[in-house]
Amino acid sequence: MTDVPPSFAFAPGDPDSPVILHVPHSAREIPGDVRAGIVLEDAGLERELDHITDSHTASIAEEAARAAGLAPWRFVNRLSRLVVDPERFPDEREEMLAVGMGAVYTRTTHKDVLRPDDFDPGPLIERYFRPYARAMTEAVAGRLAATGRAVIIDVHSYPSAPLPYELHGVGPRPEVCLGTDSFHTPSALLDAAREAFAPCGETGLDSPFAGAYVPLEFHGRRAEVSALMVEIRRDTYMTEPGGPAGPGLPRLASALTALIDAASR
C-alpha cells in the first residue's frame with residue numbers, strides 16, 4: 001500500500017485488528033480539472049457540497065479509532081463524492097443511475113444539472129474510481145491474510161429531512177440507520193451495533209438507506225468479509241446542512257468505538 005495515490009488515505013491499525021473503518025463521503029475537495037466539468041456556479045456548488053457531504057464523519061471515525069482497544073485500519077476518501085462515488089456500481093447495476101447519481105454524478109441532490117447529459121464518465125472512472133476500488137480490495141485482502149477475516153464498517157451520515165434525489169426517502173429516519181447485506185452482515189455484528197449505538201437514540205434497519213459496501217472481488221463470495229453501514233442522522237451531531245459539529249459528535253464516536261471493540265473480538 002505504499003503507492004496509495006493522494007485521492008484517498010489508508011491509515012494502518014493494529015496488525016491483529018480485522019476492522020476497516022471506511023469513510024467514503026466526508027471530503028469536499030474537487031480538483032480543478034474536475035471542477036471544470038461541473039456546470040454549477042461556485043455558490044451553487046458550495047450549497048450542493050453542504051447537502052451531499054457526510055460532514056465530520058472522518059472526525060468521528062478518527063476519534064473512535066483512537067479510543068479503540070485494538071486500533072482499526074482506516075480507509076478515507078480525500079476527495080468529494082462529486083468527483084466519483086466509490087460506493088456506486090460503475091455500470092447499469094447501479095439503481096441511482098435513475099436519478100443521475102451513478103459512480104459519476106450528473107444531477108444534484110435537488111435533481112438539477114451537475115454535469116451535461118453527454119458527459120463522458122470514463123476518464124474519471126479510470127483515474128479515481130478504479131484505483132480506489134483496487135486499494136480497498138487490497139486493504140480487505142490484507143486483513144484476511146493477517147487475521148482470517150475482515151470487518152468493514154462504513155461510516156456515513158444523512159440529513160434529517162429527505163432530499164429530492166432519495167429513492168427511498170419516505171421511510172423511517174432514525175438517529176442511526178444500520179445498512180445491511182444479506183450475505184455479509186452477520187447477526188452478531190448487527191446486534192453489537194444496536195447495543196453500541198443505543199445511547200445515541202433509535203437505531204433502525206435499512207431505512208432510509210440500505211446495503212453495506214464490500215469490494216466486488218469478495219461480494220457474495222467470501223463470508224469471512226463482514227460489512228455494516230452506519231448512517232448517522234446529521235442533526236444528532238452537527239448543524240445542517242453543512243455547518244459545524246456539535247456536542248453529539250463525541251457521543252457518536254464513543255458508540256462507534258464500542259462497535260469496533262465488539263467487532264474486534
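The values are calculated or read from the model by the stated rules, or taken from the named source; none is laboratory data. Note that the coordinates shown come from a computational prediction; the quantities given were computed from them, not determined experimentally. Quick reminder, even Gly has a Cβ in these numbers, built from the backbone with ideal geometry, and neighbours come from all protein chains shown. Please note that ligands, DNA and RNA were not included when accessible areas were found on the heavy atoms of the full protein model with its side chains. Shrake-Rupley method; radii C 1.70, N 1.55, O 1.52, S 1.80 Å.
Among the residues of region 5-30, the ones that are at pLDDT below 95, within 26 Å of P159 (Cα to Cα) and out of contact with any Phe, Trp or Tyr (no Cβ under 7 Å at 6 or more places or on another chain) come to 0 in all. Within region 125-162, being of a type in the set (A, V, I, L, M) and either out of contact with any helix residue (DSSP H, G or I) (no Cβ under 9 Å at 6 or more places or on another chain) or open to solvent by 20 Å² or more (accessible area, probe 1.4 Å) (or both) holds for I125, A133, A135, M136, A139, V140, A141, L144, A145, A146, A161. The condition of being in contact (Cβ under 8 Å) with a residue 60 or more places away in the chain, within 20 Å of Y158 (Cβ to Cβ), in a loop (DSSP other than H, G, I, E, B) and not basic (K, R) holds for E87. For region 61-99, filtering for residues that are open to solvent by less than 40 Å² (accessible area, probe 1.4 Å) and either among the charged types (D, E, K, R) or under 14 Å from the mean Cα position of the chain (by Cα) (or both) leaves 13. For region 164-191, residues that are open to solvent by less than 20 Å² (accessible area, probe 1.4 Å) and either modelled with pLDDT of 95 or more or of a type in the set (S, T, Y) (or both) total 8. With respect to the conditions (1) of a type outside the set (S, T, N, Q); (2) modelled with pLDDT of 95 or more; (3) surrounded by fewer than 16 Cβ atoms within 10 Å (Cβ to Cβ); (4) touching a Leu at 6+ places or on another chain (Cβ under 8 Å), E48 falls short on a single one, namely (3). Quick check: anything in region 201-224 touching a Gly at 6+ places or on another chain (Cβ under 9 Å) and in a helix (DSSP H, G or I)? No: region 201-224 contains no residue that is touching a Gly at 6+ places or on another chain (Cβ under 9 Å) and in a helix (DSSP H, G or I). Could you please let me know if A43 is part of a helix (DSSP H, G or I) and out of contact with any helix residue (DSSP H, G or I) (no Cβ under 9 Å at 6 or more places or on another chain)? Criteria met by A43.
Given the conditions (1) closer than 21 Å to T137 by Cα; (2) of a type outside the set (A, V, I, L, M, F, W, C); (3) open to solvent by 30 Å² or more (accessible area, probe 1.4 Å), report the number of the one that R194 does not fulfil. Going through the list (1) closer than 21 Å to T137 by Cα; (2) of a type outside the set (A, V, I, L, M, F, W, C); (3) open to solvent by 30 Å² or more (accessible area, probe 1.4 Å), R194 breaks only (1).
Residues being closer than 16 Å to Y128 by Cβ and assigned to a loop (DSSP other than H, G, I, E, B) are entirely absent from region 14-23.
To keep it simple, each residue is scored yes or no on (1) within 30 Å of R130 (Cβ to Cβ); (2) in contact with a helix residue (DSSP H, G or I) (Cβ under 9 Å, 6 or more places away or on another chain); (3) without any contact (Cβ under 8 Å) to a residue 40 or more places away in the chain.
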| residue | (1), (2), (3) |
| --- | --- |
| T203 | no, yes, yes |
| R221 | yes, no, yes |
| S226 | yes, yes, no |
| A253 | no, yes, no |
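Filtered by the rule that a residue be under 15 Å from E41 (Cβ atoms) and charged (D, E, K, R), region 108-127 gives D112, R115.
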